[in-house]
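Report on one structure; see the data block that follows.
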Amino acid sequence: MNPPFCPNPACPHHHDTPELYAGHWKHAGSYMTAVVGKVPRFKCTACNRGYSVRTFAYGYYTKRTLDAREIQRAISQGESVSSIARHLGASTASIQNRIDRLARACLAMHTDLTAALSLGEHLVADGFESFDRSQYHPNQINILVGKDSQFLYALTHVTIRRKGRMSKAQKDSRRRLEQLWRAPRAGIRTSFARLLTTIDPLWDRTRLPDLQLWTDEHRDYPAAIMDTGPLLMAMHDGSLRHMTWPSTAPRTLLNPLFAVNYYDRELRKDLAAFRRESTCFTRNVANGLSRFACHMAYHNYQKPYRVESVQTDASVHAEKAGIDRGSIRAQLARLYTDRPFISQHKPNDEAARIWLKRAATPLKKKPDRLPAYAGTGWMQGSTNQLRH
């Protein structure tokens with residue numbers, strides 16, 4: 001394998017194609033690893049930095065090879081992290097490490113494929129409710145889904161204050177916990193507004209001059225639209241219509257909110273942490289969002305649009321949304337093998353928040369550790385003779 005570009009984000013050849021980078025690197029020997037054997041090394045003649053073939057690999061800097069495809073399958077079919085660890089004979093920390101790597105690859109793929117997408121359908125948005133760490137810290141995961149394709153375009157997450165009927169003891173517990181950590185005020189409104197900012201870059205008004213945004217009758221949603229400049233202007237000129245439907249209405253195909261109701265069901269069914277009355281739940285927000293990102297890629301780009309008609313129509317949700325099948329296959333071909341660089345893909349704010357593990361867990365004092373190679377896109381490793 002020849003290096004496709006310089007992995008150093010500060011190098012002028014970091015964004016090169018393999019053809020453009022030819023002539024700007026040279027061989028620099030090799031080294032032995034306990035994982036994959038002999039690994040060729042290279043040196044960039046522009047920035048004078050050294051790197052190896054493993055620098056571009058999904059398993060970069062790992063001490064053991066674990067099946068990424070199997071991890072993706074298990075996450076999307078209801079297995080918990082501990083179950084996957086038992087099955088593969090690894091620690092839960094190793095499995096979560098591979099999930100984080102896979103999540104970054106999934107976010108990179110989603111960013112690249114939606115960058116060329118021209119929105120051609122109406123949208124449905126809603127909040128999926130679960131909890132973080134304990135039921136005293138409920139959350140809302142806002143999702144934006146294609147009305148016809150059921151393609152998940154974007155998501156945002158926020159931890160909210162516990163609501164509903166509580167006993168006096170429960171209210172006292174909530175009060176004590178809120179002295180240590182309190183959910184942000186107007187969290188749903190601000191989080192939903194962040195979700196809506198993803199619409200304008202996708203919206204091609206020449207293809208879809210009149211866009212409908214369907215939601216339920218949640219009181220914070222109109223206010224969130226007012227907080228989103230481009231959508232507010234579109235509301236004023238009539239090109240955007242905010243349509244509402246009762247959340248209590250039957251969840252049938254005739255329901256305009258069917259797309260988000262369908263995705264809610266898929267999340268409850270497919271992700272262990274979202275099953276009701278289960279010992280599996282999200283104990284770490286950043287880790288839970290990584291698993292969500294892996295499921296997003298499975299749902300959008302791997303799961304058939306309709307399972308019962310797969311023999312006659314093998315299309316996935318992304319194709320129904322207008323993404324070319326060839327582009328999807330090209331991205332999937334390197335999903336489990338190539339290491340993504342955040343400096344090359346430039347994900348949106350919420351995707352970057354998941355990529356960089358910036359989502360805070362309630363009551364957790366320290367931020368989640370992010371490996372240097374995940375944030376900066378650059379880390380070659382030690383200079384020991386035996387490297388992994």
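The ranking of 51, 305 from fewest to most other beta carbons within 10 Å of each one's beta carbon is 305, 51.
Ranked for footprinting exposure by Cβ neighbours inside 10 Å, fewest first, 203, 355, 245 give 245, 203, 355. Of the peptides 260-273, 226-239, 141-154, the order by per-residue mean of other Cβ atoms within 10 Å, starting with the highest, comes out as 141-154, 260-273, 226-239. The relative contact order of region 68-370, computed from alpha carbon pairs under 8 Å that lie at least 6 residues apart in sequence, is 27 percent.
Grab the other residues whose beta carbon is less than 13 angstrom from that of residue 44, score K and R as +1, D and E as -1, and report the net. Computed value for this residue: +3.
Highest-first packing order for the peptide set 8-16, 131-139, 249-257 is 131-139, 8-16, 249-257, based on the mean count of other beta carbon atoms within 10 Å. Using the Cβ atoms and a cut-off under 15 Å, what net charge is assigned to the surroundings of residue 76, where Lys and Arg are +1 and Asp and Glu are -1? Local charge sum for residue 76: +4. Mind scanning 63/357; 303/366; 63/320; 43/346 and naming the pairs with a C-alpha gap bigger than 28 Å? Table pairs above 28 Å Cα-Cα are 303/366; 63/320. Taking a Cβ cut-off of under 10 Å around residue 371, the surrounding Lys, Arg, Asp and Glu residues balance to a net charge of +2, with basic ones at +1 and acidic ones at -1. Quick one: Cα centre-to-centre distance for region 28-56 and region 127-189, in angstrom? So the two Cα centres are separated by 46 Å.
Once you divide the Cα radius of gyration of region 68-370 by 2.2 N^0.38 Å, the number left is 1.00.
Of 307, 316, how do they rank once you tally other Cβ atoms within 10 Å and put the fewest first?
Lowest count first: 307, 316.
For region 202-268, the orientation-averaged shadow of the C-alpha convex hull comes to 5.7 nm² (one quarter of the hull surface). Sorted from longest to shortest, the spans of the Cα atoms of region 1-123 along the three principal axes equal 48, 48, 21 Å.
Every number in this text was worked out from the coordinates using simple rules, so none of it is lab data. Predicted model, so just to flag it, every value in this text is computed and none were measured. Cβ sites come from the backbone with ideal geometry, for glycine too, and all protein chains shown count toward neighbours.
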